[in-house]
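Taken together, the values in this text are just the output of simple stated rules run on the coordinates, not laboratory data. These figures come from a predicted structure and were not determined experimentally. For neighbour counting, all protein chains shown are included, and Cβ atoms are generated from backbone atoms with ideal geometry for every residue, glycine included.
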Amino acid sequence: MVKTALITGITGQDGSYLTEFLLQKDYEVHGIIRRASTFNTERLDHLYMDPHEEKRKLFLHYGDLSDAGQLTNLVYNTQPDEIYNLAAQSHVRVSFDLPEYTGDITALGTTRFLEAIRKSGADTKFYQASSSEMFGDSPPPQNENSSFRPRSPYAAAKLYSYWMTANYREAYNIFACNGILFNHESPRRGETFVTRKITMALAKIKLGLQDKLYLGNLEAKRDWGYARDYVEAMWLMLQQDEPDDYVIATGETHSVKEFLDEAFDYAGLDWQEYVEIDSRYFRPTEVDVLIGDAGKVRKKLGWKPKVGFKELVRLMVDADLKKEELRQHGYANHKRDEDYVVP
Ligand code: NAP
Ligand code: G4F
């Protein structure tokens, strides 16, 4: 039997890797995309299938986490075996500027989805993209038993979604799981998250196209893994007999400064000559240290990360350097990052 998956946030970093992963497993994949005045499917371009293709396995539908009626229609019409709720206003700094919108999409959006499942009566498994940000200033290392002490509107919204997912599991017997994922990055990472901001700027600096990089707090420490590894953990959670919540992490932490060291050293440059601090990138409240203890997922699902910190930094630097070089040679619309990086 061919399985069907419905993915929100399919145009994002994780959505694109998860789509690849599921298509390789022969799933029929349905994704929800927002209508935009410009194309927002760049990360999926290499997977796109013409609607006239007979053996099409990837289907995109318009929808939005603010539109409960359409979510219910899509769950009802696609009758998915698995739903992955990856959509969110996912930027922590932006959530301080847009706290209400972040609550509407990142928190209430999840309830709209859970209600769509309940009302449509679909027999489906549900994955919620929960976040290590929910731990806030809870002492590291953080695991499934650590206390949640959110320090941003984003983290508070994710925590609401976490508890709603747990509640629908208990109240309505829905197979619903929270993946509490620590930071994960890749050449497809959004361009305003710190790792990608660094590797993109580094590529331009290396090619003589930029001479300054403005950043905020360099002391913050994160447990950075590779996004391609992490989408496998999402899938594994939904293949179990019982729903549960899992921390997904590498167990290592590094500061933003260490990321700079690793990236610039690799490119043969000294970051101190280029980086300046701009207070606009500081947050009103910061999460200082995240270190995940992923013992539970390792023991119960046999998952562990394949790509470590150094390799992650290098593959991101390589990809952005190659992209920037191609751009310089006029390949401005050359979008498939598989052509830039092969891990
Ligand atoms: P991302 O690249 O920012 O992607 C977010 C996705 O959500 C995009 O496809 C975006 O669509 C979609 N979206 C935003 N608002 C929406 C709305 N109102 N209705 C429908 N779709 C909407 O995020 P990511 O890094 O892939 O992360 C995936 C999920 O995991 C997010 O929920 C994030 O909060 C969570 N998470 C991420 C990490 C991490 O380190 N990456 C760690 C823990 C948890 P557009 O393309 O149209 O903007
Ligand atoms: O890359 P960031 O913006 O990621 P952050 O805030 O940790 O959030 C990411 O990971 C979460 C999981 O823990 C996800 F839930 C969330 O959706 C997102 O994917 O910032 C990382 C650190 C922060 O401490 C920030 O203050 O880098 C610091 N930083 C320093 N300068 C900067 C900058 N962050 C950004 N975005 N831009 C800067 O210029």
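What to note about this one:
- GNM flexibility winner over the chain from Asn40, Asn85, Asn143 (Cα, springs under 10 Å): Asn40
- Phi to ³J(HN,Hα) by Karplus 6.51 cos²θ - 1.76 cosθ + 1.60 over the stretch 255-263, Hz, x for Gly, Pro: 7, 4, 4, 5, 5, 4, 3, 4, 5
- Across Lys197/Lys257; Lys3/Lys300; Lys25/Lys296; Lys197/Lys323; Lys257/Lys306; Lys206/Lys322, pairs whose alpha-carbon gap is larger than 20 Å: Lys3/Lys300; Lys25/Lys296; Lys257/Lys306
- For the stretch 1-85, applying the loop criterion from DSSP together with a ceiling of 10 other beta carbons within 10 Å to the GluC sites (Glu not before Pro) yields Glu53, Glu54.
- Prolate/oblate/rounded label for the stretch 13-125 (Cα gyration tensor, a/c 1.5): oblate
- Each of Lys304 and Lys212 was given a label point 7 Å from its Cα along the Cα-to-Cβ line. The distance between the two points is 4.6 nm.
- Overall form of the stretch 256-338 per C-alpha gyration tensor (a/c, 1.5; a/b vs b/c): oblate
- The stretch 303-319 - phi-based ³J(HN,Hα) in whole Hz, Karplus 6.51/-1.76/1.60, Gly and Pro as x: 8, 8, x, 9, 9, x, 4, 4, 5, 4, 4, 5, 5, 6, 5, 4, 5
- Those aspartates and glutamates that a straight Cα-Cα span of less than 14 Å connects to Lys55, excepting residues fewer than 8 apart in one chain: Asp26, Glu28
- Under a 5 Å amide H cut-off, with hydrogens placed 1.01 Å from N, Tyr226 pairs with Glu185, Val307 among residues at least 5 apart or on other chains.
- Net lengthening on full extension, Asp241/Arg149 (0.36 nm per residue, minus Cα-Cα): 30.1 nm
- Placed amide H near Ser131: partners under 5 Å, 5+ positions off or other chain: Leu181
- Most fluctuating residue given options Gly225, Gly63, Gly302, as computed from a GNM of the chain linking Cα atoms under 10 Å: Gly302
- Amide H contacts of Leu213: Val275, Glu276, each under 5 Å away and 5 or more positions distant or on a separate chain (H built 1.01 Å from N in the peptide plane; Pro and chain starts excluded).
- Three-way shape call for the stretch 245-293 based on the alpha-carbon gyration tensor, with the a/c threshold at 1.5: oblate
- Spatially, the stretch 158-210 and the stretch 227-258 are offset by 11 Å when compared through their Cα centroids.
- Secondary-structure-derived ellipticity at 222 nm for the chain, considering helices only, amounts to -11500 deg cm²/dmol, per-run term -39500 (n - 2.57) for DSSP H runs with n ≥ 4.
- Qualifying GluC sites (Glu not before Pro) in the stretch 181-221, where qualification requires a DSSP coil assignment and no more than 13 other C-beta atoms within 10 Å, comprise Glu191, Glu219.
- ³J(HN,Hα), Karplus 6.51/-1.76/1.60, whole Hz, each residue of the stretch 139-148, x for Gly, Pro: x, x, x, 9, 9, 4, 9, 6, 7, 9
- The longest part of the chain holding none of the exposed loop chymotrypsin sites (Phe, Trp or Tyr not before Pro), meaning those outside H, G, I, E and B in DSSP with at most 15 other Cβ atoms within 10 Å, is 49-281.
- The residues neighbouring Trp303, those whose beta-carbon lies less than 12 Å from its own, together hold a net charge of +4 under the Lys/Arg +1, Asp/Glu -1 convention.
- Of Lys158/Lys299; Lys57/Lys310; Lys57/Lys119; Lys212/Lys310, those spanning more than 28 Å from alpha-carbon to alpha-carbon: Lys57/Lys310
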